[in-house]
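Just so it is clear, none of the values below were taken in a lab; they were calculated from the coordinates. Nothing here was measured: the structure is a model prediction, and the numbers come from that model. No Cβ is skipped: glycine too gets one built from the backbone with ideal geometry, and neighbour counts run over all protein chains shown.
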Amino acid sequence: MNVLVINAGSSSLKYQLYDMRDESVLAKGKVERIGMDTAILTHEPAAKPEVREVSEILEHTAAIRKVLGMLTHPQHGVLERISDIGAVGHRVVHGGETFSGSVIVDEEVKREIRRLFDLAPLHNPAHMLGIQAVEANLPDVPQVVVFDTAFHQTMPARAFLYAIPMVLYRRHKIRRYGFHGTSHAYVSERAAAFLGKPYDQLKIVTCHIGNGASCTAVLNGKSIDTSMGMTPLEGLMMGTRSGDIDPAVVPYIMAKEELSVGEVSSMLNKHSGLIAISGISSDVREVTEAMEKGDRIAGFAFEMYCYRIRKYIGAYAAAMNGIDALVFTAGVGENSAPVREVVCRELTFLGVELDEERNRTGHGKERLISKDGSKVDVLVIPTNEEWVIARDTYALVSGGQVPAADAAAEKLPWRQPLDS
Ligand code: ADP
């Protein structure tokens with residue numbers, strides 16, 4: 001069966017087509033600038049040259065139509081006919097407390113994703129557009145949704161609750177959800193397999209460091225804490241996001257700078273983090289380059305970025321009473337030897353001993369980068385969220401099971417809230 005994986009954003013849509021017989025990628029690509037008359041479709045068929053087309057694509061249904069046209073194109077295509085697509089899998093950012101695993105899309109699932117629009121206003125509405133666009137073009141093809149939050153549904157209440165009046169959790173479901181779950185689950189499981197150790201007996205800290213970044217404590221195969229919160233803004237310092245900040249700073253800035261809610265939110269999400277501190281770029285490559293040329297501010301921003309990662313690793317080692325393995329993944333985690341080096345430099349108290357040579361070689365492969373005999377195994381595991389989505393989709397539509405995270409059905413010690 002061929003499975004089409006879709007990651008729909010508000011003005012973009014990425015796709016990857018898998019042949020599940022051998023799990024090979026037949027083609028991948030993206031549509032950018034949806035809504036404009038100069039939308040760009042970039043299509044990369046396996047073993048054929050890349051194609052780039054600029055045309056008017058005003059909404060997602062038209063974008064999917066274009067993609068399907070390209071997949072079956074006589075010259076650039078990889079399928080004979082559209083009916084060769086057996087199922088479609090979607091990445092969905094927010095599954096709230098409802099979804100602790102992947103599910104087949106039906107009317108109830110769509111209603112629930114809509115109910116979660118409030119929690120992920122930038123993401124879930126766009127994913128819904130993607131689901132509807134597939135429905136319009138491929139009405140008989142089953143669809144599956146795979147949630148970024150699902151893996152973290154095992155977090156205990158002491159990790160997912162904020163210390164604010166409980167009534168806010170009850171009324172509005174304000175809590176930590178965590179993101180990048182598909183990636184944290186995949187790389188932690190791969191790390192255990194790589195080490196030849198039982199996944200359900202390991203203490204692993206996973207660092208997904210891309211444009212967005214998060215750390216997760218994976219204890220015995222389950223997420224027990226993660227650095228992103230109700231939204232992806234909390235936690236690490238990121239390319240353009242502030243990460244952790246004293247919440248009192250927000251109203252203070254709003255008053256002093258006369259900023260609106262939208263303006264302060266945009267500042268924290270789009271104009272903070274690495275770009276704000278370095279004044280150069282949100283891209284670790286550019287900041288590293290400047291640092292290596294002697295730019296002291298870039299050097300400082302780089303140190304601060306790595307320091308924040310190191311603090312979370314320490315916190316999660318404490319949360320699990322130890323750490324067996326540390327995993328780096330995503331754009332920065334997989335590719336930046338300097339980031340991994342600086343993060344690990346002062347983790348020797350935990351027993352982390354990085355091997356400089358291993359850290360700098362073996363690019364693109366799953367590998368161990370700690371010294372033989374290091375108390376903590378440090379690994380680089382390239383993430384592959386699309387493959388997980390394809391695998392779950394295939395399993396569900398073939399009538400199989402996808403193990404859901406064993407959600408913490410913890411009985412919370414409620415007092416009757418006075419004003420509920
Ligand atoms: P996202 O999915 O969050 O957009 P990715 O995981 O693709 O992000 O990571 C993108 C980021 O990876 C880029 O912004 C860039 O900073 C970083 N990156 C890619 N290659 C390198 C590299 N060789 N060295 C340092 N950083 C890199």
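What do the square roots of 5 times the Cα gyration tensor eigenvalues come to for region 183-297, in whole Å, largest first, as semi-axes of the equivalent ellipsoid? Intermediate values should be presented prior to the final figure.
Numbers: eigenvalues 211, 83, 17 Å².
Equivalent ellipsoid of region 183-297: 32, 20, 9 Å, largest first.
Compare the peptides 275-283, 184-192 by average per-residue count of other Cβ atoms within 10 angstrom and give them in order, highest first. Working shown, then result.
On the way: 275-283: 18.1, 184-192: 24.1.
Packing proxy ranking, top to bottom: 184-192, 275-283.
Rg over Rh of region 3-55, using C-alpha atoms and the Kirkwood radius, what does it come to? All intermediate terms of the calculation are to be shown ahead of the outcome.
Values: Rg = 12.0 Å, Rh = 11.7 Å.
We get a ratio of 1.03 for region 3-55.
Describe numerically, in nm with one decimal, the distance between label points set 7 Å from Cα along Cα→Cβ at residue 341 and at residue 56.
In this crude label model, residue 341 to residue 56 measures out at 5.4 nm.
Take the cross-link list 30/311; 270/375; 28/197; 14/270 and give me the ones stretching past 28 Å between alpha-carbons. Write out the running numbers ahead of the final one.
Values: 30/311 36 Å; 270/375 39 Å; 28/197 34 Å; 14/270 22 Å.
Long pairs (Cα-Cα over 28 Å): 30/311; 270/375; 28/197.
At q = 0.08, 0.10, 0.12 Å⁻¹, what is the log10 ratio I(q)/I(0) for the chain, with the Debye formula run over Cα points and no solvent?
For the chain, the Cα-only Debye profile gives -0.46, -0.74, -1.08.
Please compute the alpha carbon radius of gyration of region 287-420, then divide it by the globular-protein estimate 2.2 N^0.38 Å. Two decimals is fine.
Numbers: Rg = 20.0 Å, N = 134, 2.2 N^0.38 = 14.1 Å.
Cα Rg divided by the expected 2.2 N^0.38 Å: 1.42.
Find the centroid of the Cα atoms in region 5-51 and in region 115-189, then give the distance between the two in whole Å.
Value for the Cα centre distance between the two parts: 23 Å.
I'd like to compare 29-36, 331-338: which one has the highest average count of other Cβ atoms within 10 Å, and what's the full order after that? Please list the in-between numbers first.
Working: 29-36: 18.9, 331-338: 20.5.
The most tightly packed comes first, giving 331-338, 29-36.
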